[in-house]
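The values are calculated or read from the model by the stated rules, or taken from the named source; none is laboratory data. Since this is a predicted model, take the numbers as computed values, not measurements. Cβ coordinates were reconstructed from backbone atoms using ideal geometry, including for glycine residues, and neighbour counts include every protein chain displayed. SASA here: full protein model, heavy atoms, side chains in, ligands and nucleic acids out. Shrake-Rupley method; radii C 1.70, N 1.55, O 1.52, S 1.80 Å.
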Amino acid sequence: MQSRRVLGFLGVLAMVMSPGVQAQDLGELQRESLSNLFFRGNPLPPQPTDEELAITRRQVRRARRWERRLLKQLYPDDVELWVYATRDTDSDGVLDFRVSDYYGRFLEGDTDLDGDGLDNVLDAEPYKASDATQPMRLPASVDWAQQDKPGEMAAIQRELFEKHRILLVERSAEFTPQLAQSVLDVVTRVYGEIFEKGGILATLRIVATEESSLLDPEDEAGASDFAQVLPATQTLEIYRRGIDAVAVIQLGFLAHEIGHNIQFSLDYDRQRQDEILRRNYFAAPHFFELVRPYGWSIVETRADKRAEFELFRPQYIAQQPYEYLYLEEPVEDWEDWLAAIYEEVGEEKYLTDERITELHIVGDYSLSGPWEWYSDQIISYLYIAMLDSLVDSCSPSEWSALRQAFQHEAVEAEWPYFRFENGRGAEVHQHFRQVYPLVGEDAAYLARTYLLSIFPEACSQGQH
Ligand SMILES: [Ca+2]
Ligand SMILES: [Ca+2]
Ligand SMILES: [Ca+2]
């Protein structure tokens, strides 16, 4: 879950121009990001040849104004990094890397950049085409069973990869045993229906751990990021804040993020995937159809020409020829509406205000667009299902106290502007009950393991 809203082009440029780190260190950090692109300590891209440097210089000179300007801001006078940012090793039209528009952190682009049929993350030599075929077993570079990892972590990694083709991989940060378990529980319990009997989600290929979403971990813009889905490469990245979060919060943000992977899968095909990779353009007719009955619609706008990039691929700048409406009103108006209520009643009473609860709005982030709305409602649905599974094993007063403690002690500590109880009775929860049924043993297991473990005294009487 991240709180950063969709960025305007100008906002991005402003941030790039006032970096918290010096230009020289920036270049070092940018190079460092190349060594954890696929897996920790992966081979580095081949150094540019003199010819490549000359060609790239020429290309940059001829590039469109906004492309040239952003590239030079991200990598001032660093032609070697210009080459990496613009290189297409296997000449299939998909660039090797994408770059973060904040500080130029390199990200995976072409998922098989040398074009030998082996995904980068499973390719011991990602920059050198070989005759190998996609292995059924994991290579030593990413296999926890061949590294110094606890057996239960290796078992979870193997299960997720062999059954669901989801690879847990460490990049700039390490997994914890709990985080691996939380991922497994979200996949097999929360989304058990989707993943049962070896189900595979084409839009979820990699779950990776990273220190920070941004190259500069001190930047405020990244400080609230727990995790993020990168739809271009079917990757879910989990950051330091998410790695260290208590398990029940991990459960929540993982359900939120994998909710995004499921949203994307509704409109996934090779051609659309290509569109995302090349221009961050994401057509989503099926998803928009799904959320329409709940009040979300889109209105066409003109795409910003300056969001067109050919020379290199920034991570966030998107050609989005539409805006979102909720109950016929633009999301900006909803933002103002929420802010006005906040001003009027204050932080304490904000999310319990009747105007907000009667619309089942779980928090302000959930009104930034249908994607976040849907995923935040899933957290609400999950947490309510966990609580409700305990109704019969607690006394009414115990249950009520547990409910309060869950919201005020566990959830608010991490997400002060998220109140899961507001989703109770929301129409979309009916839909969730059908597609992500969470009853019986799964809900009870999650409640016991993730909730009663932090509030062990909560239901002591009722359980007797
Ligand atoms: Ca390529
Ligand atoms: Ca390869
Ligand atoms: Ca290779």
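In table form, for the structure just shown:
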read-out: Antiparallel content of DSSP bridges confined to the range 175-267, in %, to 5; value: 50
read-out: Ellipsoid equivalent to the range 351-405 - semi-axes via the Cα gyration tensor, in Å; value: 26, 14, 7
read-out: Per-selection Rg to Rh, the range 32-140 - Cα, Kirkwood hydrodynamic radius; value: 0.99
read-out: Alpha-carbon centroid distance for the pair the range 92-138 / the range 225-242, whole angstrom; value: 18
read-out: The range 407-437-the range 345-373 distance, computed between alpha-carbon centres (Å); value: 11
read-out: Calculated Rg and Dmax of the chain using C-alpha coordinates, Å; value: 22.8, 77
read-out: Helix 151-164 axis, angle to the chain major axis (alpha carbon atoms, nearest 10°); value: 80
read-out: Average accessible surface area per residue within the range 193-240, 1.4 Å rolling probe, Å²; value: 34
read-out: Probe 1.4 Å, all protein chains present, accessible-area order of 196, 354, largest first; value: 354, 196
read-out: Pairwise FRET efficiency - residue 457 versus residue 319, Cβ, R0 = 45 Å, nearest 0.05; value: 0.25
read-out: Nearest-10 value in Å² for the accessible area of residue 56, using the 1.4 Å probe; value: 10
read-out: The range 328-452 shape via C-alpha gyration tensor axes, a/c threshold 1.5; value: oblate
read-out: Antiparallel bridges, percent of DSSP beta bridges restricted to the range 199-317 (to nearest 5); value: 50
read-out: Folded to 0 to 90 degrees: helix 50-62 orientation relative to the chain principal axis, Cα; value: 70
read-out: Accessible surface, per residue, of the range 328-452 when the full set of protein chains is kept, probe 1.4 Å, Å²; value: 45
read-out: Helix 65-74 vs. the chain, principal-axis angle (Cα, 0 to 90°, nearest 10); value: 80
read-out: Within the chain, percent of DSSP bridges classed antiparallel, to nearest 5; value: 60
read-out: Accessible-area composition of the chain, carbon plus sulfur, in percent [1.4 Å probe]; value: 50
read-out: Spin-label model distance (nm) - residue 352 vs residue 224, 7 Å beyond Cα toward Cβ; value: 2.2
read-out: Kirkwood Rh in Å, taken over all unlike Cα pairs in the range 263-371; value: 16.0
